[in-house]
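J.: There's a structure below that I have some questions on.
The values are calculated or read from the model by the stated rules, or taken from the named source; none is laboratory data. Remember, it's a predicted structure, so these values are computed and weren't measured experimentally. With ideal geometry, Cβ positions are generated from the backbone for all residues, glycine too; neighbour counts draw on all protein chains shown.
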């Protein structure tokens, strides 16, 4: 995995953060989440399914249905969300590896070390932490008064 997030990972994090902001027990329609992450509903359908499969979201069908977090935001790590849609945990050997782990070069070893550090940080950072950081940034950028 590269150090930049792809579209699917960005959608997944945006969806989970949107649901965290909606509050517990609040069902949110797919079309509302699509609008929140600036995507077509068809673009997020598979992401939603993968987040449900990973136990991050739960969904109910029907007119009164929608999606909600399956766990509290404090119990969902950023790594959980990324791994749910990426399929390759951050820090694991990825599709981008040129050198094998059996015969690594110095750059490969350094990259592996950086990936482990990143993975650990994303594992420690919860969705609640991320939302708190966004609120703090918003207050700094847009002070009242």
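J.: Of everything in the stretch 67-88, what is without any contact (Cβ under 8 Å) to a residue 40 or more places away in the chain and either over 15 Å from residue 20 (Cβ atoms) or more than 15 Å from the chain's Cα centre (by Cα) (or both)? Give them in sequence order.
T.: Listed by number, the residues that qualify are 83, 87.
J.: Hey, can you tell me all the residues within the stretch 35-52 that are surrounded by 14 or more Cβ atoms within 10 Å (Cβ to Cβ) and more than 15 Å from the chain's Cα centre (by Cα)?
T.: Result: 39, 41, 43.
J.: Would you mind stating whether residue 11 is modelled with pLDDT of 90 or more and not in a helix (DSSP H, G or I)?
T.: Considered against the rule, which asks whether it is modelled with pLDDT of 90 or more and not in a helix (DSSP H, G or I), residue 11 comes out as no.
J.: Looking at 21, 6, 55, 14, which is the one that is touching a helix residue (DSSP H, G or I) at 6+ places or on another chain (Cβ under 8 Å), closer than 28 Å to residue 116 by Cβ and surrounded by fewer than 16 Cβ atoms within 10 Å (Cβ to Cβ)?
T.: On the way: 21 fails: closer than 28 Å to residue 116 by Cβ; 55 fails: touching a helix residue (DSSP H, G or I) at 6+ places or on another chain (Cβ under 8 Å); 14 fails: surrounded by fewer than 16 Cβ atoms within 10 Å (Cβ to Cβ).
Selected residue: 6, the only one of 21, 6, 55, 14 that is touching a helix residue (DSSP H, G or I) at 6+ places or on another chain (Cβ under 8 Å), closer than 28 Å to residue 116 by Cβ and surrounded by fewer than 16 Cβ atoms within 10 Å (Cβ to Cβ).
J.: Name every residue in the stretch 53-64 that is over 13 Å from residue 80 (Cβ atoms) and either in contact (Cβ under 8 Å) with a residue 24 or more places away in the chain or in a helix (DSSP H, G or I) (or both), in order of residue number.
T.: Scanning the stretch 53-64 gives 60, 64.
J.: In the stretch 19-33, which residues are closer than 14 Å to residue 59 by Cβ and either within 14 Å of the chain's Cα centre (by Cα) or outside any loop (DSSP other than H, G, I, E, B) (or both)?
T.: 19, 22, 28, 30, 31, 32, 33
J.: Can you find a residue in the stretch 35-44 that is part of a loop (DSSP other than H, G, I, E, B), under 17 Å from residue 81 (Cα atoms) and touching a residue at least 12 places away in the same chain (Cβ under 8 Å)?
T.: Yes; the residues of the stretch 35-44 include at least one that is part of a loop (DSSP other than H, G, I, E, B), under 17 Å from residue 81 (Cα atoms) and touching a residue at least 12 places away in the same chain (Cβ under 8 Å).
J.: Can you confirm whether residue 90 is in contact with a helix residue (DSSP H, G or I) (Cβ under 8 Å, 6 or more places away or on another chain), at pLDDT below 80 and surrounded by 16 or more Cβ atoms within 10 Å (Cβ to Cβ)?
T.: Judged against the criteria, residue 90 is a match.
J.: Another question, if that's okay. Would you please list the contacts, defined by Cβ atoms under 8 Å and residues six or more apart or on different chains, that run from a residue in the stretch 112-138 that is at pLDDT 80 or above to a residue that is loosely packed, with under 13 Cβ neighbours inside 10 Å and outside any helix (DSSP H, G or I)?
T.: Partner pairs satisfying both residue conditions: 128/72.
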